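The structure under discussion appears below in the form of structure tokens.
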Amino acid sequence: MPILDFLPLARVQIRGVADVQESQIQDGKAGNITTLDLMKKLAVEKSRDPRVRHVALAVLQQAGVGSQNYVKEALAIGRYVQQYCRYVQDARTVEQVHDPVMLLSQIAEGRCAADCDDQATLIAALLLSIGHDPAFRAVRWTSKYGPYNHVYVVDYTNNWGQPKQRVVLDAILKRSPIGTEYPHQSGDEYPVYG
């Protein structure tokens, strides 16, 4: 049962919002960049939706995160998506980026399923709604060059009076604690806002 089952705003039906953004994209790294640009646009836009902030604040409250503990905020948001959104690949030959508000609605209904770019977009929108400045980390598992194979969120944040920490939020790793980063050959970070 999702932590936010009690939230009426998470159950609001979405009207007039496209569930999925689809467009023609190139193959390879150029297609990856187009997808990352769409993810950034969706995360920023949806972070302004009061329902997204409402859910983010409820997650923090439910997790017992104290004020100004930004590292624990990021981990709580990542853990929430990791726990309540199943990993499922996109259809073959189709890249889909799902609306974060739609995914929150699916979480409230107990039926959320999304791939890495969807889960990363949702985490980024939730973090942006509470003042964090996340980045998307796109990685290549086995080569140093070419198209990316996976994407997740990193958040550089700090608690009051402490140095910045790099918090890894890869929600598709269901058997590992949030904060785990699997080894990869190479990768790049793309700030979500800016």
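The values are calculated or read from the model by the stated rules, or taken from the named source; none is laboratory data. Because the structure is a prediction, the values reported are computed rather than measured. We place every Cβ from the backbone using ideal geometry, glycine too, and count neighbours over all the protein chains shown. Keep in mind that these areas ignore ligands, DNA and RNA; they rest on the heavy atoms of the full protein, side chains included. Shrake-Rupley method; radii C 1.70, N 1.55, O 1.52, S 1.80 Å.
Pairing residues of the range 97-124 that are within 21 Å of residue 31 (Cβ to Cβ) and among the acidic types (Asp, Glu) with residues that are open to solvent by 10 Å² or more (accessible area, probe 1.4 Å) and assigned to a strand (DSSP E or B), at Cβ distances under 7 Å and at least 6 apart in sequence or on separate chains, gives 115/87; 117/151; 118/98. Selection over the range 36-58 of residues that are in contact with an Asp or Glu (Cβ under 9 Å, 6 or more places away or on another chain) and closer than 16 Å to residue 103 by Cβ gives a count of 5.
Residue-wise test of (1) modelled with pLDDT under 95; (2) over 26 Å from residue 33 (Cβ atoms); (3) assigned to a loop (DSSP other than H, G, I, E, B).
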position: 79; (1), (2), (3): no, yes, no
position: 89; (1), (2), (3): yes, no, yes
position: 119; (1), (2), (3): no, no, no
position: 154; (1), (2), (3): no, no, no
position: 159; (1), (2), (3): yes, yes, yes
position: 177; (1), (2), (3): no, yes, yes
position: 183; (1), (2), (3): yes, no, yes
position: 190; (1), (2), (3): no, no, no
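Annotation: of all residues in the range 140-176 being over 15 Å from the mean Cα position of the chain (by Cα) and in contact (Cβ under 8 Å) with a residue 60 or more places away in the chain, the one that is most open to solvent (accessible area, probe 1.4 Å) is 160. Taking the range 65-123 as the range and being touching a strand residue (DSSP E or B) at 6+ places or on another chain (Cβ under 6 Å), of a type in the set (Gly, Ala, Ser) and surrounded by 15 or more Cβ atoms within 10 Å (Cβ to Cβ) as the test, the residues that pass are 74, 78, 114, 120.
Considered as a group, the residues in the range 125-139 that are touching a helix residue (DSSP H, G or I) at 6+ places or on another chain (Cβ under 7 Å) and over 25 Å from residue 27 (Cβ atoms) include one that is surrounded by the fewest Cβ atoms within 10 Å (Cβ to Cβ), and that residue is 130. Given the conditions (1) over 27 Å from residue 26 (Cβ atoms); (2) in a loop (DSSP other than H, G, I, E, B); (3) at pLDDT 95 or above, and given that residue 167 satisfies all but one, which numbered condition is not satisfied? Unmet for residue 167, out of (1) over 27 Å from residue 26 (Cβ atoms); (2) in a loop (DSSP other than H, G, I, E, B); (3) at pLDDT 95 or above: (2).
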